[in-house]
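A.B. asks: Take this structure first; my questions come after.
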Amino acid sequence: MDTKYISKDTLSHFLSGMERYETTELLNDLNVLDLLGGKTPKDHDESVPPYEAAEAFLILFQEREDYELCDMLLKKWPQLKNSFIIKTTEK
């Protein structure tokens, strides 16, 4: 998987750390909600650009097949749109 803003090592570390959290737990986190809303989280590490965090969550949600959350992120962080082809299913 190619990334645009986050290194593969950082992404790998992030994804392995997120394995222990269910998506419902993440959606109760105000920082994740800020990212989904296109905002920089209040507790954000200033050394990491917010779009890097948004890209990491985009990949996480894509791997979990939470495409509605991917769509939310892409609408709020449009610079990520060219990074990924999100799988969609016909309903």
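A.B. asks: Return the pair list, or none, for Cβ contacts closer than 6 Å from residues in segment 23-51 that are closer than 17 Å to LEU74 by Cβ to residues that are of a type in the set (S, T, N, Q), at least 6 apart or on different chains.
C.D. replies: These pairs meet every condition: PRO50/THR40; TYR51/GLN79.
A.B. asks: Quick check, is LEU60 touching a Leu at 6+ places or on another chain (Cβ under 9 Å), closer than 17 Å to SER16 by Cα, among the aliphatic types (A, V, I, L, M) and touching a residue at least 12 places away in the same chain (Cβ under 8 Å)?
C.D. replies: Answer is yes for this residue.
Values quoted throughout were computed directly from the atomic coordinates according to the rules given, and no laboratory measurement underlies them. No experiment lies behind these values; they were computed from the predicted model shown. No Cβ is skipped: glycine too gets one built from the backbone with ideal geometry, and neighbour counts run over all protein chains shown.
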